[in-house]
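The values are calculated or read from the model by the stated rules, or taken from the named source; none is laboratory data. As the structure is a computational prediction, the values presented were derived from the model and not from experiment. Ideal geometry is used to build each Cβ from the backbone, glycine not excepted, and the neighbour counts take in all protein chains shown. For the accessible areas, the whole protein counts, side chains as well, though only heavy atoms, and no ligand, DNA or RNA atoms are used. Shrake-Rupley method; radii C 1.70, N 1.55, O 1.52, S 1.80 Å.
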Amino acid sequence: MSAALKDSLMSGFEVSFSSEIEIVMSRSFAAPRALVYRLWSEPEHVQKWWGPAGFVNINVEMDFRIGGTFHIDMRAPDGVVYPCEGTYQDIVPDERIVYEGAPHIEHPCGAGLPPKATVFITFKDEAQRDGTVGTKLVLHSRMISAQQREDAIAGGFAQGWADSFERLADELTKLPRFEIVTTHRLEATPAELFALFADPAHLKAWWGPEGFTSTIPEFEFVEGGAFRIIMHGPDGRDHDNHKRFVEIVVDERIVFDHYQPSHQFRMTIEYSKDGDHTDMIWRMDFAPSEHEAMLKAFIPQANDQNCERLAAYHAQLKQQGEI
């Protein structure tokens, strides 16, 4: 591979050669690992991003299991159709996909899959600059000879995958976000409720669903400050949550980002005074997640329990004369 060609591929995309028959390509994606994996495992998504720029997938068939096969018909800009075929050798959900490519000899899948290549795709968590958890995707292609590797490079193999990864990144941005909003009316002032969040000694006393306790090893209550809370479930499991404050308006609003590999969201807590009561609104703006249905079923109930604990804790402090 020429230096100029390699440099042209390095913009957000890395290429290396671990042996004379191997090509290793990688790219970071600003999306959770499970979501990136999902776009490799479901044909309706593969159809939208697979292949070099300008190619259209007119048919995608996938039997996504170990021993299952896939068949993709790629139509090039000049109208030629390139069939891609392969067999899945190994699948570990959210971690690894391995397949052996066996495209038609007369149509070597455009630049994407030379004959008899074994391809290893791995998905790993990777911290992003903004503090979110993204994905490092590595595609490791092992061919049957050094000549085949050189032919693949000359035929645009790496550039084809660079294009595919770019299309994959674009497809990730098109997936719909979703929102969960819960509202609770409490017999308290906005200032009182704000104070019970702003002090970690109070926050740990009421945060989390019924039966949970919390430890807060990090709490920097300023915009940009880190917020880490470990929730200890009644089943003995710990849930380590990493967050970062985005906006703080005293007695009015608290906004923070929540970073987890499986789901990410921005939480906005608003306090709106109405006579002797305060309407507390929790607005959670979620990044696309394969767990959307589960989250929509679980989160409102958990938030209700959380706010019931807050109301009880506030009443206790008021009765003790501490508010």
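Assorted remarks:
- All positions within the stretch 259-285 that are touching a Leu at 6+ places or on another chain (Cβ under 7 Å) and assigned to a strand (DSSP E or B): Y271, H277, T278, M280
- The residue of the stretch 62-76 that is least open to solvent (accessible area, probe 1.4 Å), among those that are in contact with a Pro (Cβ under 9 Å, 6 or more places away or on another chain) and either farther than 17 Å from E44 by Cα or assigned to a loop (DSSP other than H, G, I, E, B) (or both), is A76.
- When we screen G51, G79 for residues that are at positive phi, out of contact with any Cys (no Cβ under 9 Å at 6 or more places or on another chain) and either in a loop (DSSP other than H, G, I, E, B) or open to solvent by 40 Å² or more (accessible area, probe 1.4 Å) (or both), the only hit is G79.
- Selection count, the stretch 9-35, where residues are buried (at least 21 other Cβ atoms within 10 Å of the Cβ) and part of a helix (DSSP H, G or I): 2
- A Cβ distance below 6 Å, combined with a sequence gap of six or more or placement on separate chains, defines the contacts here; from the stretch 16-41, residues that are touching a residue at least 12 places away in the same chain (Cβ under 8 Å) and closer than 14 Å to S141 by Cβ reach residues that are small (G, A, S) and surrounded by fewer than 19 Cβ atoms within 10 Å (Cβ to Cβ) in the pairs E20/A146; I21/A146; V24/S16; V24/S18.
- The single condition from (1) in a helix (DSSP H, G or I); (2) open to solvent by less than 40 Å² (accessible area, probe 1.4 Å); (3) within 24 Å of L172 (Cα to Cα); (4) not small (G, A, S) that P288 fails is (1).
- Filtering the stretch 153-208 to residues that are open to solvent by less than 50 Å² (accessible area, probe 1.4 Å), closer than 17 Å to S26 by Cα and either at pLDDT 95 or above or not in a loop (DSSP other than H, G, I, E, B) (or both) leaves I153, F157, A158, G160, W161, A162, D163, S164, F165, L168, A169, L172.
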